[in-house]
Amino acid sequence: MNPKRAAAPAHQTKRVGGLDGVRALCALGVAGVHTSFAAGVMGAYTMPPGNEVLATLLAGLRPLALGPFFVLSGMLLYRPFARWTLTGADRPRIGPFLAKRLARLWPAYVLLALVCVFLLNLDAVDGPWYVLRPILMLQVYDYTWIAGMDPAWTVPAEMQYYLALPLLAALMHRLAKGVSDPVRKARRMMVPLALVTVGSAVWTYYIHRPEMGVYPEEYWWPLAVGGAFALGMAMAVLHVLAEIKPDDKPALYRVAGNHPLLFWAGALAVYAFNCTQPFGRPGYGDYEGVGLALTQYFLLLVFSYLMVMPLSIPGAKSRVVDAIVANPVSRYLGRISYGIYLWHFAIMYFWFETGSVFGTQPALMHQLRGTIGFPELMSAVLVGSILAATVSHYLVERPIVNAVGKWAARKDRPATPAAGSRDAYTVAGPR
């Protein structure tokens, strides 16, 4: 069988609703965690939880809800490169790849940065660099706090993994060139991914040592999320192996496809275990010690795999899972999930009426804890972030993505259909 021909059916342009639904769940989960802290529900340090049951449930989402975003990016973006290595398909063109990634991530992020700088932090502007720093995604390296952009540190991390992916793909391709069997190739390709995963675990240990203090500057660097991105890339390898050998699919692939609900039950069990905050305090949002941080690092990987893998397999069906993630509301929220993730913290500042536009310095969120009830604040965050995300999606993101996509298609036209066509699943960041 021609491997290029075998891979071709997986190339479609249709979005997969279940993956959009996972993005929606994760974006709403992150928003719920942050809102619960600001409303005084989740405890922190000397401040006890305002509602122990709700605080325990929401604290269990930290940091699990962030993992699937990075896993999805690694899986969906690396898959064309995996086909290049495993099937001999043409290598994806780097220029169009990077242009599409920049178009997907940067415009919405810049819009948020401009709104936050000039409406919430105008009094802190001390020169052009204050404005350019977040636009260039460099504020995470000297950590400059910009009210409203608090959770947006993951966007520079995501962008830097986009830049690193072609280099990592080239390394994995070189390692796999010495053998012809796809399975042996795949094993060699896993070596750099294992090293990235271990390296991220070591980095997690380093930044959570007691002598580093609470939220050290290095915490915001992209190294700690490398394991999730590498996991997604490993899942892409499994997908391509399944395309090449449909009658001899990898065991992990077969089980996920045959028992998607079992995988989600496993993800629920991981979440329940994380609610106990091993080595930490249930219901608290303290900065993690080494034990809790490392435990959550590996729980995040397991949780993300169990959530994402069955939904990414064509033909895998579960009425329960589909009802949760493939309904029209979940799919729509998934399409705008990047905007929900970006805007939910800024919406809180506007709702609290703190910042330059209100004639005050933006208050730190712990200073505002408990001044508004959770139902009121959560309602405002949901409505405000969904509205902001919708405007951003239709007026900023989609027009730019479509324009760059057309340009990239023209650049890709000389490539063979198996390499030049779009992948089955459209990527949306956290992000």
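Restricting the first member to the stretch 228-248 and to residues that are in contact (Cβ under 8 Å) with a residue 12 or more places away in the chain and over 16 Å from GLY88 (Cβ atoms), and the second to residues that are open to solvent by less than 20 Å² (accessible area, probe 1.4 Å) and among the charged types (D, E, K, R), the beta-carbon pairs closer than 8 Å and six or more apart or on different chains are ALA236/ARG79; HIS239/ARG79. Of all residues in the stretch 353-369, those satisfying the criterion of being modelled with pLDDT under 95, open to solvent by 30 Å² or more (accessible area, probe 1.4 Å) and outside any loop (DSSP other than H, G, I, E, B) are HIS366, GLN367. Here the stretch 312-348 is the region considered, the condition is being in contact with a Pro (Cβ under 6 Å, 6 or more places away or on another chain) and open to solvent by less than 10 Å² (accessible area, probe 1.4 Å), and the residue that is farthest from LEU261 (Cα to Cα) is TYR341.
Residues that are surrounded by fewer than 23 Cβ atoms within 10 Å (Cβ to Cβ) and part of a loop (DSSP other than H, G, I, E, B) within the stretch 23-48 comprise TYR45, THR46, PRO48, listed in sequence order. Give the stretch 264-306 a look and list any residue that's assigned to a loop (DSSP other than H, G, I, E, B) and not basic (Lys, Arg), or say none. Hits for the stretch 264-306 are THR276, GLN277, PRO278, PHE279, GLY280, PRO282, GLY283, GLY285, ASP286, TYR287, GLU288, GLY289. Taking the criterion of being without any contact (Cβ under 8 Å) to a residue 12 or more places away in the chain and either assigned to a helix (DSSP H, G or I) or more than 23 Å from ASP248 (Cβ to Cβ) (or both), the residues of the stretch 178-193 that qualify are ARG184, ARG187.
Among the residues of the stretch 158-176, those identified as more than 20 Å from the chain's Cα centre (by Cα) and touching a residue at least 24 places away in the same chain (Cβ under 8 Å) are MET172, HIS173, ALA176.
Contact map, the stretch 278-289: first residue closer than 15 Å to MET212 by Cα, second residue hydrophobic (A, V, I, L, M, F, W, C) and open to solvent by 30 Å² or more (accessible area, probe 1.4 Å), Cβ cut-off under 7 Å, separation 6 or more or different chains; pairs are TYR287/VAL214; GLY289/PHE279.
The values are calculated or read from the model by the stated rules, or taken from the named source; none is laboratory data. Small disclaimer: the values here were computed from a predicted structure and weren't measured. Note: ideal-geometry Cβ built from the backbone for every residue, glycine included; neighbour counts use all protein chains shown. Each accessible area value is taken on the protein alone, full model and side chains, heavy atoms only, with ligands, DNA and RNA left out. Shrake-Rupley method; radii C 1.70, N 1.55, O 1.52, S 1.80 Å.
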